[in-house]
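Before any comments, here is the structure.
The values are calculated or read from the model by the stated rules, or taken from the named source; none is laboratory data. Everything quoted here is computed from the prediction, not taken from an experiment. Neighbour counts are summed over all protein chains in view; Cβ atoms, including those assigned to glycine, are modelled from backbone coordinates with ideal geometry. Just so you know, the surface numbers come from the protein's heavy atoms only, side chains and all, with ligands and any DNA or RNA stripped out. Shrake-Rupley method; radii C 1.70, N 1.55, O 1.52, S 1.80 Å.
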Amino acid sequence: MDTTTITMVEKNEEGKGKNPFGHLFRHVYVINLLSDVARRDNMIRQLKELGIPNEAIQMVNAVDGQNEDLSLYDYETAQEWVEPFSKRAITRGEIGCALSHYGVWKHLIASGDDRSLILEDDVVINIAEFKKENPVYTGDKVLGVSIVHKSCLQPVFSETQAKDFASMRR
């Protein structure tokens with residue numbers, strides 16, 4: 001079963017414009033439970049604050065692992081896998097989240113979209129850092145975005161910065 005629904009954020013005059021990060025990604029896909037309007041609105045606010053136009057923001061109706069019948073989906077989990085920090089098995093919510101990401105990946109492959117950013121709705125974007133330096137895609141290497149702590153995104157502009165972030169996670 002594939003129930004991934006992707007919708008563009010409503011177009012309006014306020015949200016129109018050029019994507020300042022268009023050289024890095026054409027679209028931002030935000031995975032969000034349809035019922036969690038507050039998180040949806042918070043993500044749209046953060047992305048607009050970065051100057052990303054509505055046309056580039058795609059909201060993804062997430063698979064609700066807690067409340068949906070997951071047996072309707074074609075997936076397998078490794079029974080022996082345990083989360084490394086808490087030493088627990090994968091939860092239904094995590095399965096739903098993974099299925100949501102999988103649905104976006106399938107969409108990207110089918111559409112030929114080769115430059116997109118996929119976010120979950122609880123991410124906190126370090127807007128000041130993104131505005132401070134606008135990374136340039138050189139075509140040969142993308143350093144990307146680092147998850148510094150759980151749900152905090154930090155842009156990575158240099159190999160030195162990448163090594164610093166990597167050492168913090170150890």
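Do the conditions hold for GLU55, that is, is it in contact (Cβ under 8 Å) with a residue 24 or more places away in the chain, under 26 Å from LEU24 (Cβ atoms) and open to solvent by 80 Å² or more (accessible area, probe 1.4 Å)? No: the conditions fail for GLU55. Considering segment 61-71 alone, what residues qualify as being modelled with pLDDT of 90 or more and open to solvent by 90 Å² or more (accessible area, probe 1.4 Å)? Once the filter is applied, which keeps residues that are modelled with pLDDT of 90 or more and open to solvent by 90 Å² or more (accessible area, probe 1.4 Å), segment 61-71 yields GLN66, ASN67. Could we say that GLN46 is in contact with a strand residue (DSSP E or B) (Cβ under 9 Å, 6 or more places away or on another chain), modelled with pLDDT of 90 or more, closer than 21 Å to HIS101 by Cα and of a type outside the set (Val, Ile, Thr) here? So GLN46 passes the test. Each residue in segment 27-70 was checked for being among the charged types (D, E, K, R) and either outside any loop (DSSP other than H, G, I, E, B) or closer than 20 Å to GLU129 by Cα (or both), and 7 of them qualify.
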